[in-house]
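These notes concern the structure reproduced below.
Read the figures in this text as sums done on the coordinates, not as results from a lab. None of the values given here were measured: they were computed from a predicted structure. Using ideal geometry, Cβ is built from the backbone for each residue, glycine included, and neighbour counts are taken over all protein chains shown.
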Amino acid sequence: MARTRERIVRWLFLAPAIVYIVAFFCYPVVYNVRMGVTRYTVTSFYTGEAPFVGLANYLSVARDALLDTAFINTAIFTVGSIVPQFSIGLALAVFFQRHFPLNRTLRALLLLPWLLPLVVAGTVYRWILDQDYGVVNQVLLQLHVISEPVPWLTSPGWALASVIIANIWAGIPFNLVVLYSGLEGIPRTLYEAAAVDGARAWRQFWHITLPLLRPVSAIALMLGLIYTIKVFDIIMILTNGGPADSTQTLATWAYFLSFIDLSFGKGAAVGNILILITLVFAAFYLRSARAAFR
Amino acid sequence: MTLIAVLIVAFLLFPLYWMVNASLQAGSALLRTPPAWLPMESTLQGYRDALATQGSHLLTSLIVSLGTVALTLAVAAPAAYALAQLRLSGSLTIIFALLLAQMVPNIVMANSLYSIFNRLGLLDSYPGLILADSTTAVPFAILVLRAFMLSIPSELGEAARVDGAGHWRTFIRVIVPVSRNGLIAAGLFAFLFAWSDFLFALTMTTSDEIQPVTLSIYQFLGSHTSNWNSVMATAVFASIPAAILLAVAQRYVSAGLTGGAVKD
């Protein structure tokens, strides 16, 4: 009797969290899956009725030419963001392994871009990449790298690249921090032994750093993927998905379908596709992170 | 070495310098070429405009963020204690559920919460925004706090229990005070998440009544992009919580980044 009571008391500490998970994650996700198979429009909000339409939303989304655009853009955006973020983050992490004055302070300052609201990052890049008055064009013109201002955010050819640049900037700190803590975990003695054997810095990097950093790299890359696929704020602030849908990703398209076209069923369908993609990477992530939570 | 590092940091933080630089100049001065590298003719006009037009939105953001902190800590602290110290059999399942919950794209949450909140009358309300924002903060806070509470020796709680304190008293009298730093860190992050939120601000409000600053910047950018100095001044205001977090809770940031998946 006392033991049962004891167990109930212990579970009571978890109860609010469990109720919360069910109410604010399980229920909305299930709700979204259900919305995906109904014709959910503005009238549904008033009448509370949304007719079941089977896979009609998915078929209509699949027939839409924007699906290909959104898919390709999401892929380019994700890979184009993650590879440079990871490489630059790793280079910086290796660099900051050295001991020098102010190391800690400078490293902390580098976190700032990650902690800022993405809306702020986007706003700043709007200004920096402004075609007429932006500092990037002015400097490039001065240096004669370009002969006329580049329409960074207003031409379909440049917009996606510009959005990616801003997103790389915002994501470097995350990779730096994760990879830095990974590097800290590699025993110094390995490097000392390698140095005694005459291995140069570059060989040490390839044969010690990279292999031993694999588990942490996997976590950084997987979390990076999962976070980047759903990036919304920075694209909306910089280009609103335009010009001519050239920066439309699955996340922004889902928004436009639901909240601008008011076809919540179709928006839900695109959102569910996004969940499926996320789940695939989540499985990889949970496998690599499992050890950390034991 | 330090010089190279300073140059790297200066290069990477240049956009932020450029934001401050623009916020301190007159609107007309920003439309000159070449640009002023230093705000020599500085003016606080941009900040005055920002406060006059964006002040109420900053206040809205503050209310929503504080509400999110309160809700998040109320749910997360007991849960983290249970997961870290009470050795419950389902702990690992719940941790995995939290990791998965963190990954659900916000746009999916917005899509279904909009409809759910519409029925509950929570659109265009502070509680609605607080609840929506808390969905990013709660799983994260539980994981970070759990990682923090794992380092509390279990003897501490057991000693209190031997003295006759129940679980609840032990939690309030022993665990909460000992975890003060962790609670502050988790709270600061919850604040930052809510403060930075844009998607829920965009979707959970349909009128101008309750409009966080992120949303008002977005609408500002859409309507008149020529007032760059006041836009940048608003952006500076919106950056303040991040700067504070960095100054006071820097060492928790790395643990927080991955929700405790990578130990610092």
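Computed values, structure above
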{"read-out": "Electrostatic dipole magnitude of the protein assembly as shown [Cβ: Lys, Arg +1; Asp, Glu -1; Cα centre; debye, to 20]", "value": "1920"}
{"read-out": "³J(HN,Hα), Karplus 6.51/-1.76/1.60, whole Hz, each residue of region A:175-185, x for Gly, Pro", "value": "5, 4, 5, 5, 5, 4, 5, x, 5, 4, x"}
{"read-out": "Average Cα contact separation per residue, chain B, under 8 Å, 6 or more apart, as relative contact order %", "value": "32"}
{"read-out": "Built amide H within the under 5 Å cut-off of A:T38, gap 5+", "value": "A:V53"}
{"read-out": "Vicinal HN-Hα couplings computed from phi for region B:85-96 (Karplus, 6.51 cos²θ - 1.76 cosθ + 1.60; Hz; Gly/Pro x)", "value": "10, 9, 6, 7, 5, x, 3, 4, 4, 5, 4, 5"}
{"read-out": "Sorted by Cβ density within 10 Å, fewest first, the residues B:V138, A:V94, A:V139, B:V108", "value": "A:V139, A:V94, B:V108, B:V138"}
{"read-out": "B:V20-A:N103 FRET efficiency (beta carbon distance; Förster radius 41 Å; 0.05 resolution)", "value": "0.95"}
{"read-out": "FRET efficiency, 1/(1 + (r/R0)^6) with R0 35 Å, evaluated for B:A243 and B:S223 via beta carbons", "value": "0.80"}
{"read-out": "Inter-probe distance in nm under a simple model that places probes 7 Å from Cα toward Cβ, at B:R48 and A:A161", "value": "4.3"}
{"read-out": "Sequence of B:S56, B:S112, B:S207 once ranked by neighbouring C-beta atoms within 10 Å, starting from the fewest", "value": "B:S207, B:S56, B:S112"}
{"read-out": "Neighbour-count order for A:D130, B:D133, B:D49, B:D208, fewest beta carbons within 10 angstrom listed first", "value": "B:D208, B:D49, A:D130, B:D133"}
{"read-out": "Rounded to the nearest 20 debye, dipole of chain A from Cβ charges on Lys, Arg, Asp, Glu", "value": "1440"}
{"read-out": "Karplus-derived HN-Hα couplings along region B:10-15 (A = 6.51, B = -1.76, C = 1.60, θ = phi - 60°), whole Hz, x at Gly and Pro", "value": "4, 5, 6, 9, 3, x"}
{"read-out": "Two-site label geometry, A:H144 and A:I18: point separation in nm, points 7 Å out along Cα→Cβ", "value": "7.3"}
{"read-out": "Positive minus negative residues near B:D163 (Lys, Arg vs Asp, Glu; Cβ under 13 Å)", "value": "+1"}
{"read-out": "Per-residue [θ]222 nm for the protein assembly as shown (sum of -39500 (n - 2.57) over DSSP H runs n ≥ 4, rounded to 500)", "value": "-23000 deg cm²/dmol"}
{"read-out": "Assigned charges on the beta-carbon of Lys, Arg, Asp, Glu; region A:36-195 dipole about Cα centre (debye)", "value": "420"}
